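Colleague: Okay, here's the structure, questions in a sec.
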Amino acid sequence: MVTAKGTYSPDKQVLVPGRLHDGKSGYWVVTAFAVTGAPALTGAGASPQTWIPVARGWVAEPGDAAAPPSGLVELTGRLLPSEAPVAGKAPKPGEASAVSVAELINYWDVSSYPGFVSATAEVVAGQDVSAAAVPGSLLPLNIGPQPPGQQINWLNLFYSIEWVVFAGFAFFIWWRLVKDDYHRDLEEALDETEDSTTPEEHETPQQKVQP
């Protein structure tokens, strides 16, 4: 579990479809969280504030996703690695294909930590207002096998196979060149041996006939 203080940005919230809760498919509500006191990143395109995506809960329909808590929030949750974006899937407006930091920072135009947090508590002014504490349409997450985690990224797999084929072809070319060079050296050595042989060595001795 991790704990951090900061603020949510209501205009930086997306829905991730195809997430399961008690066997029913719905949406994860993911909101950008500005971490108070976090070191700012440097470099081109870096934002003055460092953020982290927070999966705040699950909803059955997009209209059930309410705005995040306002004010200073003490966040507690489980830190999880970033997911990979789903290849070949164009998200609808206001949605993301996965909880992918690489995808979300392009939507939000912010600098972010490389993972995300699954919220278990959101304390505002001493009161927990998270999905686990307040009954409503936003339900707490049950982290388990999710559809994006079960899908094979065929594009990455194809690239991997392609590089293996290229490496095998390059090895074959190298082996063929070495083999040809070896045979060429043998032929040259054989020619030199034949050239250095004296004519006498090839003559057949003649027997002198006595009269």
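The values are calculated or read from the model by the stated rules, or taken from the named source; none is laboratory data. The shown structure was predicted, so the numbers you read here are calculated from the model rather than taken from an experiment. Cβ sites come from the backbone with ideal geometry, for glycine too, and all protein chains shown count toward neighbours.
Colleague: Of the residues Ser82, Ser97, Ser118, which is among the polar types (S, T, N, Q) and touching a Phe, Trp or Tyr at 6+ places or on another chain (Cβ under 8 Å)?
Modeller: Numbers: Ser97 fails: touching a Phe, Trp or Tyr at 6+ places or on another chain (Cβ under 8 Å); Ser118 fails: touching a Phe, Trp or Tyr at 6+ places or on another chain (Cβ under 8 Å).
Exactly one residue qualifies, and that residue is Ser82.
Colleague: Would you say Val14 is in contact (Cβ under 8 Å) with a residue 60 or more places away in the chain, part of a loop (DSSP other than H, G, I, E, B), surrounded by 15 or more Cβ atoms within 10 Å (Cβ to Cβ) and out of contact with any Lys or Arg (no Cβ under 6 Å at 6 or more places or on another chain)? Don't jump to the end; show me each part of the working.
Modeller: Details: in contact (Cβ under 8 Å) with a residue 60 or more places away in the chain: yes; part of a loop (DSSP other than H, G, I, E, B): no; surrounded by 15 or more Cβ atoms within 10 Å (Cβ to Cβ): yes; out of contact with any Lys or Arg (no Cβ under 6 Å at 6 or more places or on another chain): yes.
No: the conditions fail for Val14.
Colleague: Let me ask something else. Among what's in the range 146-198 and is of a type in the set (Gly, Ala, Ser) and at pLDDT below 80, pick the residue that is nearest to Pro17 (Cα to Cα). I'd like the intermediate steps shown before the answer.
Modeller: At the first step, the residues of the range 146-198 found to be of a type in the set (Gly, Ala, Ser) are 149, 160, 167-168, 170, 189, 196.
Going one step further and asking which of them are at pLDDT below 80, we end up with 149, 189, 196.
On the way: Gly149: 13, Ala189: 72, Ser196: 82 Å.
Checked the range 146-198; the qualifying residue nearest to Pro17 (Cα to Cα) is Gly149.
Colleague: Loosely packed, with under 13 Cβ neighbours inside 10 Å and in a strand (DSSP E or B): does that describe Thr3? Spell out the reasoning first.
Modeller: Working: loosely packed, with under 13 Cβ neighbours inside 10 Å: yes; in a strand (DSSP E or B): yes.
Answer is yes for this residue.
Colleague: Taking the range 47-72 as the search range and keeping residues that are closer than 19 Å to Ser100 by Cβ and part of a loop (DSSP other than H, G, I, E, B), which one is modelled with the highest pLDDT?
Modeller: Ala65
Colleague: Filter the range 39-57 down to the residues that are aliphatic (A, V, I, L, M) and in contact (Cβ under 8 Å) with a residue 40 or more places away in the chain, then identify the one that is surrounded by the fewest Cβ atoms within 10 Å (Cβ to Cβ).
Modeller: Taking the range 39-57 as the starting set, the residues that turn out to be aliphatic (A, V, I, L, M) are 40-41, 44, 46, 52, 54-55.
Narrowing the set further to residues that are in contact (Cβ under 8 Å) with a residue 40 or more places away in the chain leaves 40-41, 46, 52, 54-55.
On the way: Ala40: 10, Leu41: 15, Ala46: 12, Ile52: 24, Val54: 25, Ala55: 21.
Here the residue is Ala40.
Colleague: So, one more: If Tyr107 passes every condition in (1) touching a Ser or Thr at 6+ places or on another chain (Cβ under 9 Å); (2) surrounded by 13 or more Cβ atoms within 10 Å (Cβ to Cβ); (3) within 19 Å of Arg19 (Cβ to Cβ) but one, which one does it miss?
Modeller: Status for Tyr107: all satisfied but (1).
Colleague: Test Gly88 against the stated conditions and say whether it is within 19 Å of the chain's Cα centre (by Cα), part of a loop (DSSP other than H, G, I, E, B) and exposed (fewer than 14 other Cβ atoms within 10 Å of the Cβ). Steps first, answer last, please.
Modeller: Details: within 19 Å of the chain's Cα centre (by Cα): yes; part of a loop (DSSP other than H, G, I, E, B): yes; exposed (fewer than 14 other Cβ atoms within 10 Å of the Cβ): yes.
Here the answer is yes, as Gly88 does meet what is asked.
Colleague: Still on this model: With in a strand (DSSP E or B), assigned by TED's automatic domain parsing to the domain that holds Tyr8, touching a Lys or Arg at 6+ places or on another chain (Cβ under 9 Å) and not charged (D, E, K, R) as the only criterion, which of Leu79, Leu75, Leu104 stands out? Walk me through how you get there before you give the answer.
Modeller: Values: Leu79 fails: touching a Lys or Arg at 6+ places or on another chain (Cβ under 9 Å); Leu104 fails: in a strand (DSSP E or B).
Answer to the selection: Leu75.
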